[in-house]
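First the structure, then my questions, so here it is.
The values are calculated or read from the model by the stated rules, or taken from the named source; none is laboratory data. In this text, all values refer to a predicted model and were calculated from it rather than measured experimentally. Every residue, glycine among them, receives a Cβ derived from its backbone with ideal geometry; neighbour counts consider all protein chains shown. Just so you know, the surface numbers come from the protein's heavy atoms only, side chains and all, with ligands and any DNA or RNA stripped out. Shrake-Rupley method; radii C 1.70, N 1.55, O 1.52, S 1.80 Å.
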Amino acid sequence: MKRLLIVCSFFLLALIVGCSSSEKSDEKYFVLIVQGEENISEKFSKFTNNEYSVVEMQYLTSLKTAKEKYPKYEIEKAPAVFIFETAGEMKKLKLKTYDIEEALRFLETKKESQ
């Protein structure tokens, strides 16, 4: 009986860990890039393929336009990158940064194969 309880516990733990792993692969991201004067679109173009979890990117070339379109996010300067985790129609802000390298590192860790 004790052995059966241990086997069942191990199976349940394996099932929980397996579900957690599959949830990560379901993460999808929307990326909003405010370019400003410098064209940074080439740096982000590689993330729009099937290897990464980015489902949509939007580039805005004007800080003024970005502030008008997204006043809620209090965009202070350009370049700026906003990365949202998407869940259907809902979007949750995961990263707001003015550091392009930080945004690239974040996206690099979000490969589909994980």
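For residue 72, what is the net charge nearby, where nearby means another residue's Cβ is under 14 Å from its Cβ and Lys, Arg count +1, Asp, Glu -1?
Neighbour charge sum, excluding residue 72 itself: +2.
May I pose another question? Suppose the chain between residue 70 and residue 105 were pulled fully straight at 0.36 nm per residue; how much longer would it get relative to their current alpha carbon spacing?
So the extension gain works out to 10.2 nm.
Another question about this same structure. Per the 1.4 Å probe, what fraction of the accessible area of the stretch 21-114, in percent, lies on carbon and sulfur atoms?
Of all accessible area on the stretch 21-114, carbon and sulfur atoms account for 47 percent.
Put a dot 7 Å past each Cα toward the Cβ at residue 42 and residue 94; how far apart are the dots in nm?
Result for the modelled spin labels: 2.7 nm.
Please express the Cα-Cα pair-distance distribution P(r) of the stretch 25-114 as a list of whole percents, one per 5 Å bin, running from 0 to the bin with the greatest distance.
3, 14, 27, 26, 18, 9, 3, 0
Any of 43/111; 46/91; 28/94 with alpha carbons more than 20 Å apart? Name them for me.
Flagged as over cut-off: 46/91.
While we're looking at this one, here's another question. Specify whether the C-alpha gyration tensor of the stretch 63-102 places it in the rounded, prolate or oblate class, a ≥ b ≥ c being the square roots of the eigenvalues: rounded for a/c under 1.5, otherwise prolate if a/b is larger than b/c and oblate if not.
It is oblate, given that a/c is not under 1.5 and a/b is not larger than b/c.
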